[in-house]
Amino acid sequence: MNFYVMTLFPEMILEGLSYSILGRARRAGQISVEAVNIRDFSEDKHKHVDDYPYGGGAGMVMSCEPIEKTYRYLCDKRKLRSRPRVVYLTPQGKVFDQQMAKEFAQEEDLFFLCGHYEGVDERVLDAIVTDRVSIGDYVLSGGELASMVMIDAISRMVPGVLTNEESKDTESFEGNLLEYPQYTRPEEWQGRRVPEVLLSGHHAKIEQWRREQSILRTWETRPELLEKAALSQKEQEFLEGRKKQQS
Ligand code: 6GU
């Protein structure tokens, strides 16, 4: 899968996506990341990429021309057959989730447009953007970190990027339950012991305990997820029992 990022800070993107699983996937050629500086396509002698907003108001607005030239440069260079999907990162977009990550991972080429200042001229968005996406309900200084978050989550859904062992984490989240707690050596640390069941070697009991921990954690911190989780009759009863104990 090929990612193309149109940004004022290409080094930030390339550096941030060089580590761990993403770094490995890039070196193995399973994904590629090209980050292009919109400022390189400014025709202005001072390399301006923004201007004052029509109608007045605070801040600056990114201009159409350098963004469209960046986009055309990438499309021409890559000889793209059809019009690629272009994601504009904005808090005004649809909120990104695991399901969207899976859908975007079906694309061979995916573009990102990272905005800055007060925004981007709406006309270039209408002309090239296919998807407006937010990564959550808070405000970031620009789209760069948001695009990196999306590229990480999407890449993990590209076949071959994760090893079989690594795939299991994401699969469990897709069951709409949070992860159970994990422990490693030593058995006791600063007076805190590892739960006895994990030392028992009794695999069925361990599985049941982990599943119960997942259910309890989900109920405590993300109760809205539980509605989508498929709990067995026994698990429902276990949860109801715990709820009663608490109240
Ligand atoms: Cl995608 N961009 C910016 N600038 N801020 C955000 C965001 C995106 N998602 C949440 N906050």
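If you wrap a convex hull around the C-alpha atoms of the range 1-117 and split its volume per residue, what is the figure in Å³? Show your work: numbers first, answer last.
Details: hull volume 16.2 nm³, N = 117.
Cα-based convex hull of the range 1-117, divided per residue, equals 139 Å³.
Round to the nearest 10 and give me the degree value, 0 to 90, for the angle of helix 64-77's Cα axis relative to the longest principal axis of the chain.
Around 80 degrees separate the two axes.
Where only protein heavy atoms count, and the probe is 1.4 Å, what is the accessible area per residue for the chain in Å²?
Values: 15130 Å² over 247 residues.
It amounts to 61 Å² per residue over the chain.
Anything over 23 Å Cα to Cα? Flag those among Lys77/Lys102; Lys205/Lys234; Lys94/Lys228, in the order listed.
Details: Lys77/Lys102 27 Å; Lys205/Lys234 14 Å; Lys94/Lys228 20 Å.
Listed pairs above 23 Å: Lys77/Lys102.
Keeping all protein chains in position, work out how much accessible area Tyr138 exposes to a 1.4 Å probe, and write it in Å² to the nearest 10.
Here the accessible area works out near 110 Å².
For the range 2-155, what is the relative contact order in percent, using Cα pairs closer than 8 Å and at least 6 residues apart in sequence? Don't skip to the answer; put the middle values down first.
Details: 255 pairs, mean separation 46.0, N = 154.
RCO, the range 2-155: 30 percent.
Could you pull out every one of the aspartates and glutamates with an alpha carbon less than 19 Å from that of Lys47, ignoring same-chain neighbours closer than 8 positions?
Within the straight-line limit of under 19 Å, Lys47 reaches these aspartates and glutamates: Glu11, Glu65, Glu68, Glu118, Asp121.
Distances over 11 Å make up what percent of all Cα-Cα pairs in the range 31-78? Provide the component values of the computation, followed by the final result.
Values: 797 of 1128 pairs.
Across the range 31-78, Cα pairs with separations above 11 Å total 71 percent.
Say each of Leu14 and Asp152 gets a label point 7 Å from the Cα, pointing the same way as Cα to Cβ; how far apart are those two points in nm?
Distance between the two pseudo-spin positions: 2.1 nm.
Zone of Val197 (label point 7 Å along Cα→Cβ, backbone N under 13 Å): which residues in the range 216-237?
Only 216-217, 235 pass the distance filter.
Taking the Cα centre of the chain as origin, work out the dipole magnitude from +1 charges on Lys and Arg Cβ and -1 charges on Asp and Glu Cβ, in debye rounded to 20.
Values: 33 positive and 41 negative charges, 124 e Å.
Value, rounded to 20: 600 debye.
Provide the net charge surrounding Asp169, with neighbours chosen by a C-beta distance below 11 Å and charges set as Lys +1, Arg +1, Asp -1, Glu -1.
Values: positive: Arg156, Lys168; negative: Glu165, Glu166, Glu171, Glu174, Glu179.
Net charge in that neighbourhood comes out at -3.
Could you work out the relative contact order of the range 126-247, using alpha carbon pairs under 8 angstrom and six or more residues apart, expressed as a whole percent? Each step should come with its number before you reach the end.
On the way: 50 pairs, mean separation 26.2, N = 122.
The value is 21 percent.
Can you show me the helix-derived [θ] at 222 nm for the chain, built from DSSP H runs with n ≥ 4 at -39,500 (n - 2.57) apiece and divided by the number of residues, rounded to the nearest 500. Walk me through the numbers before you get to the answer.
Numbers: 10 runs with 103 residues, N = 247.
Calculated mean residue ellipticity at 222 nm is -12500 deg cm²/dmol.
Would you work out what percent of the accessible area of the chain, with all protein chains in place, is carbon or sulfur (probe 1.4 Å)?
Working: 7370 of 15130 Å².
Of all accessible area on the chain, carbon and sulfur atoms account for 49 percent.
With Rg and the Kirkwood Rh both taken from Cα atoms, where does Rg over Rh land for the range 52-193?
Values: Rg = 20.0 Å, Rh = 17.9 Å.
Here the Rg-to-Rh quotient is 1.11.
Can you list residues from other chains, or at least 5 along the same chain, whose modelled amide H is less than 5 Å from the amide H of Asn2?
Under 5 Å from the amide H of Asn2 lie the amide H atoms of Ser32, Asp109, Leu110, each far enough along the sequence or on another chain.
Using every alpha carbon pair in the chain, what percent of pairs falls into each 5 Å bin from 0 up to the bin containing the largest distance?
In order of increasing distance, the bins hold 1, 5, 11, 13, 14, 12, 10, 9, 7, 6, 4, 4, 2, 0, 0 percent.
Given R₀ = 45 Å, FRET efficiency for Gln98-Glu43 by Cβ-Cβ distance, to 0.05?
Numbers: r = 41 Å, r/R0 = 0.91.
Efficiency for this residue pair is about 0.65.
With a 1.4 Å probe and all protein chains kept in place, how much accessible area does Arg242 have, in Å² rounded to the nearest 10?
It works out to around 90 Å².
Report the one residue of Tyr138, Ala58, Leu199 whose Cα lies farthest in the direction of the positive end of the charge dipole of the chain (charges on C-beta: Lys and Arg +1, Asp and Glu -1; origin at the Cα centre).
Most positive-ward Cα: Leu199.
The values are calculated or read from the model by the stated rules, or taken from the named source; none is laboratory data. Treat the numbers as computed from the prediction; the structure is a model and nothing was measured. All Cβ positions, even for glycine, are placed from backbone atoms using ideal geometry, and neighbour counts span all protein chains on display. When the accessible area is computed, the model is the full protein with side chains, heavy atoms only, and any ligands, DNA or RNA have been set aside. Shrake-Rupley method; radii C 1.70, N 1.55, O 1.52, S 1.80 Å.
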